[in-house]
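First the structure, in the form of structure tokens, and then the observations on it.
Only the coordinates and a few stated rules stand behind these numbers; no lab work does. Note that this is a predicted model, so its numbers are computed, not measured. So basically every Cβ, Gly included, is an ideal-geometry build from the backbone, and we count neighbours across all protein chains shown.
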Amino acid sequence: MMKRNILFDCDPGHDDIMAILCALAHREELNILGYTTVCGNNTLPSVTRNLLNVLSYLGQPALIAEGCDNPLIGGPEVQDAHGKTGLDGFDFPEPTFETLKISAVEFMKEQIMQSKEPVTLVGMGPLTNLALLIKSYPEVKKRIEEIVFMGGAIQGGNILEHSEFNIYADPIAAEIIAESHIPLVICPLEVCRDVSINEQQINALKNAGYVSNMVYGLLDFYYGYARKHHMKETPVFDLCTILYLLYPEAFTGYACSLEVIPQGKTVRGMTVIEPQDDSCITVLTHADKGLMEGFLQDIKKLDREVVQK
Ligand code: RIB
Ligand code: CA
């Protein structure tokens, strides 16, 4: 597999962190150029702090640039599912490094224009930063290999009847991305169901190692919703993006059109996804359910690799 250059745009978020851990365990295949944060699951300062906390805990300082603290229109739509901090479940020591002094859009533009190879953007929150990037610097478009993002739903939503959170939180940004003509890979709610974790798998991480301990604390909290609703497992949504980049053959999907409904009390953020053969957009529908076990092995690999400070 050719090594891919990737930029993460995220709002951590328990599942954002799982995707990042998975990528960190696969440095041979993925070259992480950096991270940008966006207001989504929680406020911008909180999600940025969460990312700094995790990467500091791992002893992996990295390039992080803060992005938008509001969607393109309207105010932030924070979520309860990730707790008060946006990443409840583990007590982190103080971060050991700081964010860059430039904005997410400037950082992404620099990285994309400097890179010899095309860059893949991985969207795991509202698409605000990415939409601003391509509006401000349209020249980056031809240097973007594809945008792989978690968002949208083919049918049932998780915030409104047919709307998924990341798209609902900034539907205007999603519309800009949908109309960008950049190759897109959509990981909607449907495919994320195949990337689910159960309580037994989470419990096996307890006291199993330095990284496992952190993952246990985080996922044990994240699982609270599933426990409360007597679910047998819960999707780790954003992890889907990285699993797709690593194992595209483990996924099925189809070429499609994508329309985003920008407003409307009951339909805001709804994604209308229809098959369209000549499209540069792909929607994923299913994944091999065995991928989760592979991810848990990745955490063990990180346990061996990460030196406790
Ligand atoms: O709807 C799922 C998305 O919203 C994921 O990106 C998750 O992190 C949550 O914030
Ligand atoms: Ca997210």
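Brief remarks follow.
- Amide H contacts of Gly157 (H built 1.01 Å from N, under 5 Å, at least 5 apart or other chain): His162, Ser163
- Highest GNM mean-square fluctuation among Lys141, Lys84, Lys206, for the chain modelled with Cα contacts below 10 Å: Lys84.
- Here the simple spin-label model places points 7 Å from the Cα toward Cβ, and for Glu199 and Met231 these points are separated by 1.4 nm.
- Across the stretch 215-224, rounded Karplus estimates of 3J(HN,Hα) from the backbone phi angles (6.51 cos²θ - 1.76 cosθ + 1.60, θ = phi - 60°) give 4, 4, x, 5, 6, 5, 5, 4, 6, x Hz, Gly and Pro being marked x.
- This ranking places Leu130, Leu284 by how few other beta-carbon atoms lie within 10 Å of each, fewest first, which gives Leu284, Leu130.
- Cysteine residues of the chain whose Cβ has no partner cysteine Cβ closer than 4.7 Å: Cys10, Cys22, Cys39, Cys68, Cys192, Cys256, Cys280.
- Cut-off under 5 Å, modelled amide H: who pairs with Val185 long-range: Ile147, Val148, Phe149, Thr282
- Mean separation of Cα contacts under 8 Å (6+ apart) over length of the chain, as relative contact order %: 20 percent
- Given charges at beta-carbon only (K, R positive; D, E negative), |dipole| of the chain in Debye: 540 debye
- Modelled spin-label separation between Asn31 and Glu98, with each label point placed 7 Å from Cα along the Cα-to-Cβ direction: 2.9 nm.
- Taken along the Cα-to-beta-carbon direction at a fixed 7 Å, the label points for Lys116 and Ala208 span 3.8 nm.
- Table column - 3J(HN,Hα) (Hz), the stretch 292-298, Karplus curve with 6.51, -1.76, 1.60, x for Gly and Pro: 4, 5, x, 4, 5, 5, 4
- Chain lengthening between Glu249 and Thr85 when straightened (0.36 nm per residue, less Cα-Cα): 55.4 nm
- Couplings for the stretch 182-188, taken from phi via the Karplus curve 6.51 cos²θ - 1.76 cosθ + 1.60 with θ = phi - 60°, read 7, x, 10, 10, 9, 9, x Hz in order; Gly and Pro are left as x.
- Amide H contacts of Ser196: Val236, each under 5 Å away and 5 or more positions distant or on a separate chain (H built 1.01 Å from N in the peptide plane; Pro and chain starts excluded).
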